[in-house]
Amino acid sequence: MKRDIWDTIIGNRVFFLSLLFVILFILLSFTVPGFLNLYNLTNMTQYGVELGLLALAEALVILSGGGGIDLSVGSMMSLVAIVIGVLIGRVGLSPSLAVVIGMLTGLAAGLFNGLLVSVGKILPLIVTLAGMYIYRSLALIIAVDPQFGPNPMPVSNFPKSFYFIGQHRIGGIPFQVLFIFVPVLLILHFLLSRTAWGRKLYGVGSNETAATFSGIDVSRVRLTVYALSGLLSALAAWVITSRIASARPDIGTGYELQAITIAVLGGISIQGGEGTVGGVLLSVAIITMLNNGLQLAGIHQIWQLGALGLVLIGSVLLNQFLIRRRKI
């Protein structure tokens with residue numbers, strides 16, 4: 001009986017994450033002053049949108065297997081953010097046109113990664129590590145304003161209409177939660193669970209050789225997920241730039257590590273082919289809440305990063321434990 005209860009709690013990732021979320025929420029509510037405050041909770045969801053979009057991007061790439069990982073999501077977000085900022089604040093383009101160009105920039109960066117992985121057959125770790133450096137460097141170069149010397153400069157002189165997507169609220173709920181993150185989440189859930197493309201992605205991630213013999217174009221599937229990763233990173237860049245009213249070339253630094261942590265904690269197997277959007281959603285809520293609680297408690301950032309590292313190690317160990325349990 002005890003083993004059955006244990007298997008239910010640990011074996012069902014959604015149930016386990018839901019339980020962990022409730023425990024963490026209660027703990028922070030009673031121990032951290034100001035946490036259980038409506039304003040704080042809604043602000044927390046704003047931060048969760050950007051992080052969640054990057055985590056979904058990471059989840060798609062890891063699902064594709066073959067050692068899939070994208071270390072460049074944070075740098076792509078930085079690149080797109082500064083592209084949008086410079087086009088609006090310095091060039092004078094309309095916000096809508098600048099955002100479209102920014103989305104295309106993210107898509108192009110993702111496609112570049114995907115081509116090197118799927119066609120060039122280079123390890124995803126190497127490709128996206130190189131991409132992280134390249135896109136971060138491009139962001140710094142574009143951010144240089146000749147009027148102020150050779151150093152990269154942030155951009156913040158945007159029209160008020162640009163702030164709508166990141167700062168407007170409907171019934172107290174941030175606009176980007178209702179009309180950006182939730183629709184993206186539902187679309188990806190539908191694609192993964194109800195379409196042939198989703199079945200192909202799980203098939204490629206589970207067994208690349210079997211997928212190839214089944215007639216699945218493995219290279220095309222992997223190219224698609226890296227392109228989507230770039231597009232989701234660009235979307236996150238648009239949201240965060242609008243929310244903080246500033247475009248900086250370092251805006252995405254460190255986000256890639258949090259995105260990987262969330263994806264793995266959410267049940268996305270690092271070996272590929274296993275995991276759901278629902279698990280990632282709960283994981284986003286847990287990590288966002290943990291970050292928020294630690295900040296309100298005055299915990300130094302060094303310890304916050306250490307906590308994320310422990311969460312990542314714990315989630316990987318949990319995944320390995322579950323795999324061994326299934327084989328028994």
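Numbers below:
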{"read-out": "Residues located in segment 59-110, provided they are surrounded by 23 or more Cβ atoms within 10 Å (Cβ to Cβ), under 19 Å from Val221 (Cα atoms) and more than 18 Å from the chain's Cα centre (by Cα)", "value": "none"}
{"read-out": "Pairs where the first residue, in segment 170-187, is on the phi < 0 side of the Ramachandran plot and free of Cβ contacts under 8 Å to residues at least 12 places away in the same chain and the second is assigned to a helix (DSSP H, G or I) and surrounded by 18 or more Cβ atoms within 10 Å (Cβ to Cβ), C-beta under 7 Å, 6+ apart", "value": "Phe175/Ile165"}
{"read-out": "Residue satisfying condition, being within 30 Å of Gly172 (Cα to Cα) and in contact (Cβ under 8 Å) with a residue 60 or more places away in the chain, within set Val100, Val80, Val61", "value": "Val80"}
{"read-out": "Test result for Leu317, surrounded by fewer than 21 Cβ atoms within 10 Å (Cβ to Cβ) and in contact (Cβ under 8 Å) with a residue 12 or more places away in the chain", "value": "no"}
{"read-out": "Counted residues, segment 254-285 - those being part of a helix (DSSP H, G or I) and over 18 Å from Leu317 (Cα atoms)", "value": "8"}
{"read-out": "Matching entry among Ile270, Ile287 (being in contact with a Ser or Thr (Cβ under 9 Å, 6 or more places away or on another chain), modelled with pLDDT under 95 and either of a type in the set (Asp, Glu) or over 30 Å from Val144 (Cβ atoms) (or both))", "value": "Ile287"}
{"read-out": "Which numbered condition Ile268 fails, given (1) within 15 Å of Thr128 (Cα to Cα); (2) buried (at least 24 other Cβ atoms within 10 Å of the Cβ)", "value": "(1)"}
{"read-out": "Scan of segment 147-187 for residues that are closer than 17 Å to Ala247 by Cα, open to solvent by 50 Å² or more (accessible area, probe 1.4 Å) and not in a helix (DSSP H, G or I), ordered by number", "value": "Asn151, Pro152, Met153, Pro154, Ser156, Asn157, Pro159"}
{"read-out": "Considering residues of segment 7-36 that are over 26 Å from Glu274 (Cα atoms) and of a type in the set (Gly, Ala, Ser) only, the residue modelled with the highest pLDDT", "value": "Ser29"}
{"read-out": "Residue match in segment 27-47 (condition: in contact with a strand residue (DSSP E or B) (Cβ under 7 Å, 6 or more places away or on another chain), surrounded by 15 or more Cβ atoms within 10 Å (Cβ to Cβ) and closer than 21 Å to Ile244 by Cβ)", "value": "yes"}
{"read-out": "Any hit, segment 237-260, residues being among the hydroxyl-bearing types (Ser, Thr, Tyr) and open to solvent by 30 Å² or more (accessible area, probe 1.4 Å)", "value": "yes"}
{"read-out": "Flag if Thr209 is touching an Asp or Glu at 6+ places or on another chain (Cβ under 8 Å), over 30 Å from Asn40 (Cβ atoms) and assigned to a helix (DSSP H, G or I)", "value": "no"}
{"read-out": "Test: residue in segment 274-285 that is touching a Gly at 6+ places or on another chain (Cβ under 6 Å), surrounded by fewer than 23 Cβ atoms within 10 Å (Cβ to Cβ) and hydroxyl-bearing (Ser, Thr, Tyr)", "value": "no"}
{"read-out": "Test result for Leu310, modelled with pLDDT of 95 or more, out of contact with any Phe, Trp or Tyr (no Cβ under 9 Å at 6 or more places or on another chain) and open to solvent by 30 Å² or more (accessible area, probe 1.4 Å)", "value": "no"}
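The values are calculated or read from the model by the stated rules, or taken from the named source; none is laboratory data. Given the structure is predicted, the values throughout are model-derived calculations rather than measurements. We place every Cβ from the backbone using ideal geometry, glycine too, and count neighbours over all the protein chains shown. With ligands, DNA and RNA removed, areas are computed over all heavy atoms of the protein, side chains included. Shrake-Rupley method; radii C 1.70, N 1.55, O 1.52, S 1.80 Å.
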